[in-house]
Every structure is written in C-alpha cells, then in structure tokens.
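Everything on this sheet refers to the single structure shown next.
The values are calculated or read from the model by the stated rules, or taken from the named source; none is laboratory data. Since this is a predicted model, take the numbers as computed values, not measurements. With ideal geometry, Cβ positions are generated from the backbone for all residues, glycine too; neighbour counts draw on all protein chains shown.
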Amino acid sequence: DLYFLCVYRSLMCHSLSLQGARMVASTRSFADFTPQKCELHRLEAGPSETAVLTREQGLQYYRTMQTMRRMELKADQLYKQKIIRGFCHLYDGQEACAMGIEAGINPTDHLITAYRAHGYTFTRGVSVREILAELTGRRGGVAKGKGGSMHMYAKHFYGGNGIVGAQVPLGAGVALACQYQGNNQVCVALYGDGAANQGQIFESFNMAALWKLPCIFICENNKFGMGTSVERSSASTDYFKRGDYIPGIKVDGMDVLCVREAIKFAADYCRAGKGPIVMELETYRYHGHSMSDPGVSYRSREEIQEVRSKSDPITMLKERMLSNNMASVEEIKEIDVEIRKVIEDAAQFAISDPEPPLDELCNHIFSVS
Amino acid sequence: CSPLGAFWCEYFLNIFSNVSLFQVNVRDALNQAMDEELERDERVFLLGEEVAQYDGAYKVSRGLWKKYGDKRIIDTPITEMGFAGIAVGAAFAGLRPICEFMTWNFSMQAIDQVINSAAKTYYMSAGAQPVPIVFRGPNGSSAGVAAQHSQCFAAWYGHCPGLKVVSPWNSEDARGLLKAAIRDDNPVVFLENELMYGVPFDLSEEVMQKDFVVPIGKAKVERQGTHITLVSHSRCVGFCLDAATVLAKEGVECEVVNLRTIRPLDVDTIEASVMKTGHLVTVEGGWPQYGVGAEICARVMEGPAFNYLDAPAVRVTGVDIPMPYAKILEDHSVPQIKDIIFSVKKVLNM
C-alpha cells in the first residue's frame, strides 16, 4: 500500500531543458519508519492525496531546507568551538516539518513553537545572519543578543519558548486574538512528543474546542523527549488522537509535500470556523536533544544512519526532483554552493559582530508608550 | 441600580446639593473602571472563572457580560495555567486582556505563564514583543478561608523584573490604578483585597472622570506627620490611619505613606518621609521573610535616608505561619491596630 500522489508529466519533453514550469508530484514508499498515508481521527476526509509540485516550489523548498540544514550544522560547529554557549537544540532532520508548514500557510498566519526553534525562525523570515549572531550573543542578533537560542521572535512568530508546553496555551491565545479580530488568520502551535503529556496542553485543547479557536496544534514526534523514548513516556503514543474530541491527522513529517497538504487541509478547516485540529508529524532529529547530549545513549547509531539513508527529507525532495527532470544535478550543486556561501558569510558576521553594549543591560524591561 | 446607574443618581444629587462627592465602594470602583476601559478600547476584554454569567465570584464584574456579551467577557473552565497562557498569547497578538484569578492563591497554578511568558518576553525579545496584559484578583487574607486561600503574593510578584505590581487600598486607588494598568503596555499584577470590596469611599468629580488615572510607581502620603513614617499597602493602610488617629491623642503625629505600587517601588517618597520624621515602621499583611517591609528597610539603608534614622526600622507583618482557621487565631495572625501602635511606641522609645 503506497501513499499515492498522482504524476503529471509535461508534454513538452525537453528532458534536459530547465525552461518553464513542469508539474510533477511523486509517489513515495517507505517501510518501517513512517506511515504510508495520513491516519485520520474523527475525520471523514483528510488532506489531499495528490500534491502538485512545481519546479519553482521544489527549488524553493530545497533551498530553504538545505539552508536550515547547513545553518544547524554550522551552529554545531560553532558550539564545539565554544563560540556558542548555553542551550542549543538543533533541528537537522526535521526540516520538512518547518518547510511544509510554511508552504501551506500564509505569512500573515501565526506560529509558535518550543525551543528547537532555529528552523522556524528562518522559515518565518529571520535571516541566517541574525539567527547565528543571536546564537553567538552579538548585538546583530535578532534579539540583540538578549534572547539566545530559545528566544528569537519575528512578525507573527512568537518564539522560541523555553518552558516545555507553555507555548501551547500561548498559541491558543494567539488563535483567540485571530478569532476576536475576525482576520481569518490561524495560529500553528507546535510541541514535541515530550511535551504532549503536559496538562496545560489538554487545558488548551478544551478551551480551543469549546470556543472553536482557529488553532492548529501540531505534535512534532521525533520519538524522544530528551533521552526518553515515546514508549517510556506516554501511555498513548497516538499523539494525533490525544485531542480526543478534536479531530486529528497523522502525517509523514519527513515528506515536505505530505506536511504541506496536511497543513493546508488543517488551515482550511480552521478558517471555516470548525474549531481546532491536531496534527502529529512523524519526524526525526539527527542530533541529540541538545548539544550537551551525544544522542547515542538511548538510541543506536545504526538507527540514526538508517533514517539518514532512507528518510532524509532533503534527499527525498532532491531525488524526487532529479528523477522527474525538474532540476539537474548541476543546478542543485549550484544552489548548495550558494547556500554554503550564505552560511559562511553569516557565520563570519556572527563571530565578528561585537557583543551588545553594557548600557543595554537594563533596557527593554518595560515598554514605554 | 447598576453601578453606573448609581453613579448617575449620585451625580444629579450632587449637582442639586452642590457637593461634588460620590460614594463608591472599592468593588464598584473596579467595576466602573473596567466598564469604561472596555468601552474606550475594543481590544480590551476580560476572562476568568465566573466573570461573565455569574457576574464575578465577588461581583466585581457585575453587569459587564450583560452589556458587552460573550466576545468581551469570557467565562473560562477551571484551568488557570491554560487560560492565563491563552490570555498572554492574546496579548502577544494585539489584544489587551484582563485575566482574573478568582484569588491570587490560584495564580500559583499559572505562575509560569505570568513570569516566564508575560514578564520576561519584552526583555528576551529586546523590545520586539510587548505584553499588554493585566492579571487581577483578590490577594491576601480574607475572613475564615484558611491557609490555602489567604496568602499574600506582593513579595512573590514584586520580586520579578518585567512586571509592574500594584496594590490599591481605597476606591480612588482601585479606579485610577486599574485604568492605568489596563492602559499600560506592560504586564501588570493587580492585587485587590476582598475585605475592601464593600468599603465605601468619597470620590471627587475629578476622580470620576473617564481619563482619571493614578500613575503606577508613585506612592501617596495619605496623612502628613512629623514624628514617624508608616509605610503600608492595601488594607493595612486603613489600619495605619486608624493607629495614627489614636496616637495623635498622645501627641504622636504619624505620616502615613500608601505605597499604591509594589513594583516599581517609590523609594523617593519613602526616603523623603523618613528624612523628615527620622523613624520608620512598615506594615503589611504578608509574611515577614523576604517581604515588602524587608525590601523597604533595605532600600532605606542603602540610600540617603539612613543617616536620618534615629532608630532601627521595624516591620509589622502577618505572623510567619500558614493562616489558621479559628477566628481568634486568624485575628492574631494579621496586623492589628494595636500592633502598629506598639511598634510605633517601640521605635519612638515611648
């Protein structure tokens, strides 16, 4: 049983030509790790089982995900050089979640997540420069060096939150503001499998359902809450069903198109005034919980390697595009080179930019109108 | 008569009797302040347990749901952590919520949202994300509600940068500070007092104006005096004034300072008073350790007023115990007028 997406092929078969948009979607099949189709909870129908990917979209998704990947790896490097300090929770492996979500919502929609937030900070519009400089604690950082890894903000992006689960009621509150203001916007509130058992999440489910808030609750299930596997933390690991009376969708979080179609469905649902919806994205993090966790005491290197070789989201997208003649190997390489330069320049800035001036210490306690 | 109806009754009576004073109890002052601010700014809304259809557990929000409806006055389930977080999120996204805790004791369930999500966000975001929210509710001891329902949180919240913490005493304080808090773009912890809700005070026409605000961060000298400074907040201000009346008969003139705001603390007013009188007693309902009085004493020590002290300062506080239930024990767990008089005489070596 395969997760089918229809394949459309342009009749203009210039296979080496890179001119014009070619409409393609792909089939993918994957055995053990991820589900093959969206399991539904309390829904008659779910996300579209066909996805259309244009060349432009494919290249854009590739570029964005690869940038996120390289950015996180650069952060790893800088952390090991002790240029980044404190907490650093890396997102590599999970790029399809952030990219798929951003592809399926509008920039005017809202998003909030927990501390594994660098990817979302980027997709929500902050430059790599400002992200890395925030990690190195410099004045050019997106929060002027005062927030750090877990506290980066942008328009319609409310961080970056350090307290596990606290971001979920906050997200429901943003959704309440959307409803109150009648602006047809939705809020995406993300949390991990570790947070999924937090009481305040169930309190948020209750109020969101009662008041029909336009909130998409998304559990990014990367199988581990720090060193605790889902089997050891949760009496029920069906995170998409944990909303009980709230409909849920289980999504392959390694497939950017799967994520995108699911979030489009969810956003339409919320915008129609039907209330909240829960999604579970099955995904995986290559790094440990944070930079202080090697990540191999509670899982095997073999497992990590298997995911890398069989389910890497960027590789999957690239192969899809190459095998459907939507891009050439050279073109992809060129993008990689450009991204490498962007990351290097950003890292240079992050290392050389001065720290915030001391007279900033007591600023930004209160807003003065 | 609804509170606003009562207001108009009084207003016309005043016009005819040529006296511009309105008798308003603290509850109605809070109610009118919220009503006016809800009318003034459509981003303002109230949420909490029983605030809508029940008219408020202590009737502070009486009539508001009838006037403004479900959108602006929201009954929540009994889920403080959840609804406080929702309120903060709404503030992130452009609304101006008033989040009621039925009593401040229940705020402990939600304290992470008050401190980590509300208080710290403006700083963590380097000014990108303001949080214009008011958390309000009755604080401190009541009558016979026992240990879990009687705690004072002035010191707990007063400890945290990023919060403004206010503690009104009378109706003028309640009205003006609540308006100021709602109009403030920062998170404000608004500590009311249940035993003060029913107490009436005379308010001038000026105070009844729709744009009347009491500035946050400014204490008020309620009574001028020369021999000793009494610094207090909330209900204890009344006790200080009563003690001052008694002491005046013995020739001791107390200056009574009503803090009005716990954070930021108006150190200037306190210092000016101490430099005038040379003696200091602090009075609060909360526990002594790490409390409001402790902070006042430390600040006076650190500043110019220290050199004017003729005796060490003394703190009058609630007894350092969980609040007992039996009336005789409860009465002896909170500052009484006689305790204030005793401390004044001790400081003055009488």
Looking only at the range A:178-202, which residues are under 24 Å from B:Arg43 (Cα atoms) and touching a Gly at 6+ places or on another chain (Cβ under 6 Å)?
-> A:Cys187, A:Ala189
State all residues of the range B:176-190 that are more than 14 Å from chain A (Cβ to nearest Cβ) and touching a strand residue (DSSP E or B) at 6+ places or on another chain (Cβ under 7 Å); if no residue qualifies, say none.
-> B:Leu177, B:Leu178, B:Phe190
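Please enumerate the residues belonging to the range B:58-90 that are of a type in the set (Phe, Trp, Tyr) and either away from every other protein chain (no Cβ under 12 Å) or at positive phi (or both).
Quick first cut of the range B:58-90, residues of a type in the set (Phe, Trp, Tyr) only: B:58, B:65, B:68, B:83.
Within the range B:58-90, B:Tyr58, B:Trp65, B:Tyr68 meet the criteria.
Considering each of B:Thr282, B:Thr229 in turn, give the residue that is farther than 25 Å from B:Asp331 by Cβ and either part of a loop (DSSP other than H, G, I, E, B) or among the hydroxyl-bearing types (Ser, Thr, Tyr) (or both). Even if it seems obvious, please write down each step before you answer.
Details: B:Thr282 fails: farther than 25 Å from B:Asp331 by Cβ.
Going through B:Thr282, B:Thr229 in turn, just one is farther than 25 Å from B:Asp331 by Cβ and either part of a loop (DSSP other than H, G, I, E, B) or among the hydroxyl-bearing types (Ser, Thr, Tyr) (or both): B:Thr229.
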Picked from the range B:162-171 (must be within 14 Å of another protein chain (Cβ to nearest Cβ) and of a type in the set (A, V, I, L, M, F, W, C)), the residue surrounded by the most Cβ atoms within 10 Å (Cβ to Cβ) is B:Val166
Are there any pairs with C-beta distances below 8 angstrom linking a residue in the range B:250-277 that is at positive phi to a residue that is basic (Lys, Arg), with the two at least 6 apart or on different chains, and if so which?
-> B:Arg260/B:Lys218; B:Arg260/B:Lys220
Unmet requirement for B:Val237, which otherwise passes all of (1) touching a Phe, Trp or Tyr at 6+ places or on another chain (Cβ under 7 Å); (2) in a strand (DSSP E or B) = (2)
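Has the range A:122-138 got at least one residue that is at the interface with chain B (Cβ under 9 Å from one of its Cβ atoms) and either within 17 Å of the chain's Cα centre (by Cα) or crowded, with 22+ Cβ neighbours inside 10 Å (or both)? Even if it seems obvious, please write down each step before you answer.
Our first condition is that a residue be at the interface with chain B (Cβ under 9 Å from one of its Cβ atoms); within the range A:122-138, this holds for none.
No, there is no match, as no residue in the range A:122-138 is at the interface with chain B (Cβ under 9 Å from one of its Cβ atoms) and either within 17 Å of the chain's Cα centre (by Cα) or crowded, with 22+ Cβ neighbours inside 10 Å (or both).
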Pairs with Cβ under 8 Å, 6+ apart, first in the range A:174-200 and within 22 Å of A:Asp268 (Cβ to Cβ), second surrounded by fewer than 24 Cβ atoms within 10 Å (Cβ to Cβ) and of a type in the set (Phe, Trp, Tyr) = A:Leu176/A:Trp211; A:Gln179/A:Trp211; A:Tyr180/B:Phe45
Is at least one residue of the range A:201-212 charged (D, E, K, R) and farther than 24 Å from A:Arg42 by Cα?
-> no
Scan of the range A:251-295 for residues that are of a type in the set (Val, Ile, Thr) and within 15 Å of the chain's Cα centre (by Cα), ordered by number = A:Val251, A:Val256, A:Val259, A:Ile263, A:Thr283
Kindly provide the set of residues from the range B:276-317 that are hydroxyl-bearing (Ser, Thr, Tyr) and within 20 Å of B:Phe342 (Cα to Cα), ordered by number.
-> B:Thr277, B:Thr282, B:Thr317
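Yes/no per residue for (1) aromatic (Phe, Trp, Tyr); (2) in contact (Cβ under 8 Å) with a residue 40 or more places away in the chain; (3) part of a loop (DSSP other than H, G, I, E, B); (4) at the interface with another protein chain (Cβ under 9 Å from one of its Cβ atoms):
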residue: B:Gly127; (1), (2), (3), (4): no, no, yes, yes
residue: B:Phe135; (1), (2), (3), (4): yes, yes, no, no
residue: B:Ala143; (1), (2), (3), (4): no, yes, yes, no
residue: B:Gln151; (1), (2), (3), (4): no, yes, yes, no
residue: B:Cys160; (1), (2), (3), (4): no, yes, yes, no
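Sort out which residues of the range B:324-338 are in a loop (DSSP other than H, G, I, E, B) and more than 23 Å from B:Val231 (Cβ to Cβ), and write them in order of number.
Of the residues in the range B:324-338, the ones in a loop (DSSP other than H, G, I, E, B) are B:324-326, B:332-336.
If the condition is that a residue be in a loop (DSSP other than H, G, I, E, B) and more than 23 Å from B:Val231 (Cβ to Cβ), then B:Pro324, B:Tyr325, B:Ala326 are the ones that fit.
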Those residues that are more than 9 Å from chain B (Cβ to nearest Cβ) and buried (at least 24 other Cβ atoms within 10 Å of the Cβ), I need them from the range A:180-191; list them, please.
-> A:Val186, A:Val188, A:Leu190, A:Tyr191
Residue under evaluation B:Val145, criteria (1) crowded, with 24+ Cβ neighbours inside 10 Å; (2) within 23 Å of B:Met81 (Cβ to Cβ), criterion not met = (1)
Output the residue which, of all residues in the range B:246-277 that are under 18 Å from B:Glu192 (Cα atoms) and of a type in the set (D, E, K, R), is surrounded by the fewest Cβ atoms within 10 Å (Cβ to Cβ).
-> B:Arg263
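Out of the helices (runs of 4 or more DSSP H) lying entirely within the range A:198-293, which hold 3 or more residues that are among the aliphatic types (A, V, I, L, M)? Step through it out loud before you land on a result.
Working: elements: A:199-211, A:230-233, A:256-271.
Passing ranges, in order: A:199-211, A:256-271.
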Could you grab the pairs with beta carbons closer than 6 Å, sequence gap of 6+ or different chains, first residue in the range B:182-193 and in a loop (DSSP other than H, G, I, E, B) and surrounded by fewer than 24 Cβ atoms within 10 Å (Cβ to Cβ), second one modelled with pLDDT under 95 and not basic (Lys, Arg)?
-> B:Asp185/A:Ser369
Is it the case that some residue within the range B:91-104 is part of a loop (DSSP other than H, G, I, E, B), facing chain A (nearest Cβ under 9 Å) and under 24 Å from the mean Cα position of the chain (by Cα)?
-> yes
Log entry, pairs with first residue in the range B:195-207 being closer than 18 Å to B:Ser167 by Cα, second being exposed (fewer than 15 other Cβ atoms within 10 Å of the Cβ), beta carbons closer than 6 Å, six or more apart or on different chains, reads B:Pro200/B:Gln23
Applying the selection to the range A:306-365, what residues are outside any helix (DSSP H, G or I), more than 14 Å from chain B (Cβ to nearest Cβ) and at pLDDT 95 or above?
-> A:Asp312, A:Asp353, A:Pro354
May I ask you to say which residue of A:Arg271, A:Arg260, A:Arg232 is free of Cβ contacts under 8 Å to residues at least 24 places away in the same chain, charged (D, E, K, R) and over 25 Å from B:Ile78 (Cα atoms)?
-> A:Arg232
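Right, A:Ala175: in contact with a Cys (Cβ under 8 Å, 6 or more places away or on another chain), closer than 25 Å to A:Arg116 by Cα, assigned to a strand (DSSP E or B) and facing another protein chain (nearest Cβ under 10 Å) or not? Steps first, please.
Details: in contact with a Cys (Cβ under 8 Å, 6 or more places away or on another chain): yes; closer than 25 Å to A:Arg116 by Cα: yes; assigned to a strand (DSSP E or B): no; facing another protein chain (nearest Cβ under 10 Å): yes.
Taking the combined requirement at face value, the residue does not satisfy it.
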Checked the range A:155-171 for anything within 8 Å of chain B (Cβ to nearest Cβ) and out of contact with any Phe, Trp or Tyr (no Cβ under 7 Å at 6 or more places or on another chain); matches are A:Ile163, A:Ala166, A:Pro169, A:Gly171
In the range B:320-347, residue farthest from B:Gly278 (Cα to Cα) [restricted to those that are exposed (fewer than 15 other Cβ atoms within 10 Å of the Cβ) and of a type in the set (A, V, I, L, M)] | B:Ala326
Among (1) at negative phi; (2) more than 9 Å from every other protein chain (Cβ to nearest Cβ); (3) free of Cβ contacts under 8 Å to residues at least 24 places away in the same chain, B:Asp55 falls short only on (1)
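Conditions (1) closer than 28 Å to B:Gly89 by Cα; (2) in a loop (DSSP other than H, G, I, E, B); (3) touching a residue at least 24 places away in the same chain (Cβ under 8 Å), marked per residue:
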position	(1), (2), (3)
A:Met68	yes, no, yes
A:Ala75	no, no, yes
A:Cys97	yes, no, yes
A:Ile101	yes, no, yes
A:Val126	yes, yes, yes
